[in-house]
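Enquirer: Pasting in a structure now, in structure tokens, and then I'll have a few things to ask.
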Amino acid sequence: MKRQSTALLSMLCFGFAFLYIPIFLLIAYSFNDSRLISVWGGFSTRWYSALFANEQIIDAALLSLQVAVVSATVATIFGTLAGLALTRMGKFRGRLFFTGIVAAPLVMPEVITGLSLLLLFVSLQELIGWPATRGVTTITIAHITFSMAYVTVIVQSRMLSMDRSLEEAGMDLGGRPFQVFLDITLPIISPAMISGWLLAFTISLDDLVIASFVSGAGSNTLPMVIFSKVKLGVTPDINALATLIILAVSIGVAVAGWIMLRQNRSLS
């Protein structure tokens with residue numbers, strides 16, 4: 001038994017090392033003074049200054065953050081409504097079709113999704129003249145389309161595990177359905193909504209394939225800019241950018257975890 005525990009602990013340590021050692025190396029090399037990304041030339045913060053002086057990367061980062069925040073928020077709203085429909089409306093006509101639509105983006109290759117959305121936008125432009133050009137709007141709509149499915153699955157799983165007697169008790173005490181939803185259901189599923197928002201935000205910020213299909217001139221997201229730089233040769237300022245992104249994501253995860261912990265304590 002002790003030998004088995006040691007083996008499991010060793011595998012766990014190996015897995016974490018495999019995941020996190022490259023990240024720590026990236027953070028360390030973001031303070032590298034050398035122009036070569038893999039050669040240590042001494043400690044320096046010069047590449048952070050170079051990063052903030054690079055207007056292309058800054059504009060791409062701001063565009064990606066704008067798209068990620070808007071798409072994650074809208075996807076959370078629609079995904080929550082879809083999760084409520086699948087768990088609270090019982091059997092309705094078209095339920096199987098609706099379930100298939102929700103699950104399709106989860107299993108569909110990104111190339112197929114990006115190509116189909118591109119054809120959709122081109123067809124709409126020819127029929128009604130909208131969108132006039134492909135850019136921020138088309139990227140945002142595309143990200144909402146596929147990230148909404150992830151939010152739906154998370155909220156649906158939380159709704160299925162929720163004790164419905166709490167809602168029934170609220171209605172027995174005279175609460176109307178909408179008031180019961182605001183006072184009971186929404187606080188209970190709020191951790192799932194936060195998790196869904198974070199996942200949608202991360203997926204949008206990380207997307208390259210779909211954004212490449214639906215973007216236009218002057219609307220390059222951060223992954224697109226980084227990918228174009230990788231083909232020409234990575235410079236150390238990309239390490240600095242990645243370090244700042246890791247820091248921002250870590251802070252976001254810590255804040256979300258703290259909010260969910262407080263929520264769970266208040267419910268218990």
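Enquirer: Is it the case that some residue within region 85-92 is more than 26 Å from the chain's Cα centre (by Cα) and either of a type in the set (A, V, I, L, M) or at pLDDT 85 or above (or both)?
Expert: Checked against the condition, which is being more than 26 Å from the chain's Cα centre (by Cα) and either of a type in the set (A, V, I, L, M) or at pLDDT 85 or above (or both), region 85-92 yields at least one hit.
Enquirer: Tell me which of these Phe24 doesn't satisfy, since it passes every other one: (1) surrounded by 12 or more Cβ atoms within 10 Å (Cβ to Cβ); (2) aromatic (Phe, Trp, Tyr); (3) part of a helix (DSSP H, G or I).
Expert: So Phe24 meets the others, but not (1).
Enquirer: In region 226-237, what residues are in contact with a Ser or Thr (Cβ under 9 Å, 6 or more places away or on another chain) and in contact (Cβ under 8 Å) with a residue 60 or more places away in the chain?
Expert: Filtering region 226-237 for residues in contact with a Ser or Thr (Cβ under 9 Å, 6 or more places away or on another chain) gives 227, 229, 236-237.
Listed by number, the residues that qualify are Pro236, Asp237.
Condition check ((1) surrounded by fewer than 18 Cβ atoms within 10 Å (Cβ to Cβ); (2) in contact with a strand residue (DSSP E or B) (Cβ under 9 Å, 6 or more places away or on another chain); (3) under 30 Å from Gly42 (Cβ atoms)) across all residues:
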position: Asp172; (1), (2), (3): yes, no, no
position: Phe178; (1), (2), (3): yes, no, no
position: Pro191; (1), (2), (3): no, no, no
position: Ala200; (1), (2), (3): no, no, no
position: Ser215; (1), (2), (3): no, no, no
position: Ala240; (1), (2), (3): no, no, yes
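Enquirer: Is it true that some residue in region 170-190 is out of contact with any Phe, Trp or Tyr (no Cβ under 8 Å at 6 or more places or on another chain) and within 19 Å of Val69 (Cα to Cα)?
Expert: Within region 170-190, one or more residues are out of contact with any Phe, Trp or Tyr (no Cβ under 8 Å at 6 or more places or on another chain) and within 19 Å of Val69 (Cα to Cα).
Enquirer: Test Ser34 against the criterion of being touching a residue at least 24 places away in the same chain (Cβ under 8 Å) and under 24 Å from Phe201 (Cα atoms), and give yes or no. Outline the logic, then answer.
Expert: Values: touching a residue at least 24 places away in the same chain (Cβ under 8 Å): yes; under 24 Å from Phe201 (Cα atoms): no.
Judged against the criteria, Ser34 is not a match.
Enquirer: Based on this model, can you work out whether Leu62 counts as more than 18 Å from Ser195 (Cα to Cα), free of Cβ contacts under 8 Å to residues at least 12 places away in the same chain and within 23 Å of the chain's Cα centre (by Cα)? Walk me through how you get there before you give the answer.
Expert: Numbers: more than 18 Å from Ser195 (Cα to Cα): yes; free of Cβ contacts under 8 Å to residues at least 12 places away in the same chain: yes; within 23 Å of the chain's Cα centre (by Cα): yes.
So Leu62 passes the test.
Enquirer: Give me a count of the residues in region 223-242 that are at pLDDT 90 or above and hydrophobic (A, V, I, L, M, F, W, C). Talk me through it step by step, then tell me what you get.
Expert: In the first step, residues of region 223-242 are kept if they are at pLDDT 90 or above; the result is 223-224.
In the following step, the residues that additionally are hydrophobic (A, V, I, L, M, F, W, C) were identified as 224.
Residues meeting the conditions: 1.
The values are calculated or read from the model by the stated rules, or taken from the named source; none is laboratory data. Remember, it's a predicted structure, so these values are computed and weren't measured experimentally. As a convention, Cβ positions derive from the backbone with ideal geometry for all residues, glycine included, and neighbour counts pool all protein chains shown.
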